[in-house]
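Please read through the structure below; I'll follow up with questions.
The values are calculated or read from the model by the stated rules, or taken from the named source; none is laboratory data. Computed from a prediction, not measured in an experiment: that's the story for all the values here. Heads up, the Cβs are rebuilt from the backbone with ideal geometry, glycines too, and the neighbour counts pull from every protein chain shown. Keep in mind that these areas ignore ligands, DNA and RNA; they rest on the heavy atoms of the full protein, side chains included. Shrake-Rupley method; radii C 1.70, N 1.55, O 1.52, S 1.80 Å.
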Amino acid sequence: MKNIHSWNRKLWMSGILILGISFVLAGCSLGGGKPGGKSKLTRYDAQFFGMFDTVTSIIAYTKDEETFRAYAESFHNELNVYHQLYDIYTDYPGISNIKTINDNAGIMPVQVDEKIIDMLEEAIEMYQKTDGRINIAMGSILSLWHEYREAGSNDSGQAKLPTEEELKEAARHTDITKVKIDREHSTVYLEDPEMSLDVGSVGKGYATEMVCRKLEEDGLGNAMISVGGNVRAIGSRPDGMWVVGIQNPDLESSQTYLHRLGIQDMSLVTSGVYQRFYTVGGKKYHHIIHPDLLMPWDMYASVSILCQDSGLADCLSTAVFNMEPKEGKSFVESVDGVEAMWIYPDGREEYSSGFEQYMMGD
């Protein structure tokens, strides 16, 4: 789970419940929306639980509560569609999702929604651009680590690592060229019966971006979305920039957030070792698995990506985390509109050439 904290005022639950959506209403009215600030916009908040197995929030400035509720309901419903389509664990009546594709590996092509094909094609493109540092066909390896992590988390005394033999066997079933997409017939087929997809490195960010684009098309101009810490700003606040924080990966430190960033029309995503891990023999093993090592590695404590597209930011936060420092910095500098921040285990920080311009006084 990515961890970015919004530095806007604390959310206060109001108890208003509509269609299972808990709304948080804040009466902060500001001029905005038109030159001269003649139209008043009021700040409203809503939180949702369960989609993408995380907490999701929307903060928006709208002309009235009714308008906000319509946008929040649309946001919830649209994001839930992507949540069900990209789910690798759960079946849903009448829906063919990523789990359906995995269940039919080596058996037959599965006809799926275009939203799945679009996301998979983007993920495959990012696999090619990052020299395999992000690979949605690593489901066999990631599920193996997930099983050991869950077992170790439930009973620390029995915590173990996957064996080298298990990892090597799982790695035999990660060839992304065996993911066959037929856009004309809207099907996806995994040629290897032992292969499975895991879209955790792209699905949440891609869904966030697509839903935010729809909200923008529908007229929402001032909002901040957070899907489990995948932050996407729509426009700015009427009185200035949206302000978000970079979490300190040292959870024992009294300094919870290291820096504040001022952003508008941008996304911020962080991958870090502190988000999901378990301990074996006194050592922590986090959830980001290096595709070559087949293990978590300790090069960084976290990597944050800042760019306009939340889907791209999600992909790159994982891909750059799996790159050597020199390679990662060179890659980030080669992509227009992308900035990055690296935090090393000893607390040292490094930034891409344009990252610091977004940093605010702390």
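Taking into account only those residues within the stretch 80-103 that are in a loop (DSSP other than H, G, I, E, B) and of a type in the set (D, E, K, R), which is nearest to residue 55 (Cα to Cα)? Before you say what the answer is, go through the steps one by one.
Restricting attention to the stretch 80-103, the residues satisfying the condition of being in a loop (DSSP other than H, G, I, E, B) are 86-91, 93-94, 96-97.
Applying the additional criterion that residues be of a type in the set (D, E, K, R) yields 87, 91.
Values: 87: 16, 91: 21 Å.
Across the stretch 80-103, the extreme among qualifying residues is 87.
Working carefully through the options 4, 18, 88, find the one that is at pLDDT below 50 and open to solvent by 30 Å² or more (accessible area, probe 1.4 Å). Steps first, please.
Details: 4 fails: open to solvent by 30 Å² or more (accessible area, probe 1.4 Å); 88 fails: at pLDDT below 50.
Selected residue: 18, the only one of 4, 18, 88 that is at pLDDT below 50 and open to solvent by 30 Å² or more (accessible area, probe 1.4 Å).
Is it the case that some residue within the stretch 119-130 is open to solvent by less than 10 Å² (accessible area, probe 1.4 Å), farther than 29 Å from residue 328 by Cα and either in contact with a helix residue (DSSP H, G or I) (Cβ under 9 Å, 6 or more places away or on another chain) or hydrophobic (A, V, I, L, M, F, W, C) (or both)? If you could, list the steps in order and put the result at the bottom.
In the first step, residues of the stretch 119-130 are kept if they are open to solvent by less than 10 Å² (accessible area, probe 1.4 Å); the result is 119-120, 123, 130.
With the extra rule that they be farther than 29 Å from residue 328 by Cα, the set shrinks to none.
No.
What helices (runs of 4 or more DSSP H), lying completely within the stretch 104-194, carry at least 1 residues that are touching a residue at least 24 places away in the same chain (Cβ under 8 Å) and within 20 Å of the chain's Cα centre (by Cα)?
Working: elements: 114-129, 139-154, 164-171.
Where helices (runs of 4 or more DSSP H) fall fully within the stretch 104-194 and carry at least 1 residues being touching a residue at least 24 places away in the same chain (Cβ under 8 Å) and within 20 Å of the chain's Cα centre (by Cα), they are 114-129, 139-154.
Per-residue answers, yes or no, for (1) at pLDDT 95 or above; (2) over 21 Å from residue 216 (Cβ atoms); (3) touching a helix residue (DSSP H, G or I) at 6+ places or on another chain (Cβ under 8 Å); (4) surrounded by fewer than 20 Cβ atoms within 10 Å (Cβ to Cβ):
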| residue | (1), (2), (3), (4) |
| --- | --- |
| 22 | no, yes, no, yes |
| 26 | no, yes, no, yes |
| 36 | no, yes, no, yes |
| 39 | no, no, no, yes |
| 55 | no, yes, no, yes |
| 58 | yes, no, yes, no |
| 63 | yes, no, no, yes |
| 66 | yes, no, no, yes |
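So residue 209 ticks every box in (1) open to solvent by 20 Å² or more (accessible area, probe 1.4 Å); (2) assigned to a helix (DSSP H, G or I); (3) of a type outside the set (A, V, I, L, M, F, W, C) but one. Which box is left unticked?
It fails just one condition, (1).
Quick check on my filter: what residues within the stretch 52-69 are closer than 30 Å to residue 89 by Cα, touching a strand residue (DSSP E or B) at 6+ places or on another chain (Cβ under 8 Å) and part of a helix (DSSP H, G or I)?
So in the stretch 52-69, the residues closer than 30 Å to residue 89 by Cα come out as 52-59.
From what's left, touching a strand residue (DSSP E or B) at 6+ places or on another chain (Cβ under 8 Å): 52, 54-59.
Within the stretch 52-69, 52 is the sole residue that qualifies.
From the residues in the stretch 336-360 that are in contact (Cβ under 8 Å) with a residue 12 or more places away in the chain and part of a loop (DSSP other than H, G, I, E, B), which one is nearest to residue 321 (Cα to Cα)? Write out each step before concluding.
Step one: list which residues in the stretch 336-360 are in contact (Cβ under 8 Å) with a residue 12 or more places away in the chain, which gives 337-345, 347, 349-355, 358-360.
Those left that are additionally part of a loop (DSSP other than H, G, I, E, B): 337-338, 344-345, 347, 352-354.
On the way: 337: 18, 338: 15, 344: 11, 345: 13, 347: 16, 352: 14, 353: 18, 354: 19 Å.
In this case the residue turns out to be 344.
Just one of 328, 262, 311 is surrounded by fewer than 24 Cβ atoms within 10 Å (Cβ to Cβ) and outside any loop (DSSP other than H, G, I, E, B); which is it?
Working: 328 fails: surrounded by fewer than 24 Cβ atoms within 10 Å (Cβ to Cβ); 311 fails: surrounded by fewer than 24 Cβ atoms within 10 Å (Cβ to Cβ).
Selected residue: 262, the only one of 328, 262, 311 that is surrounded by fewer than 24 Cβ atoms within 10 Å (Cβ to Cβ) and outside any loop (DSSP other than H, G, I, E, B).
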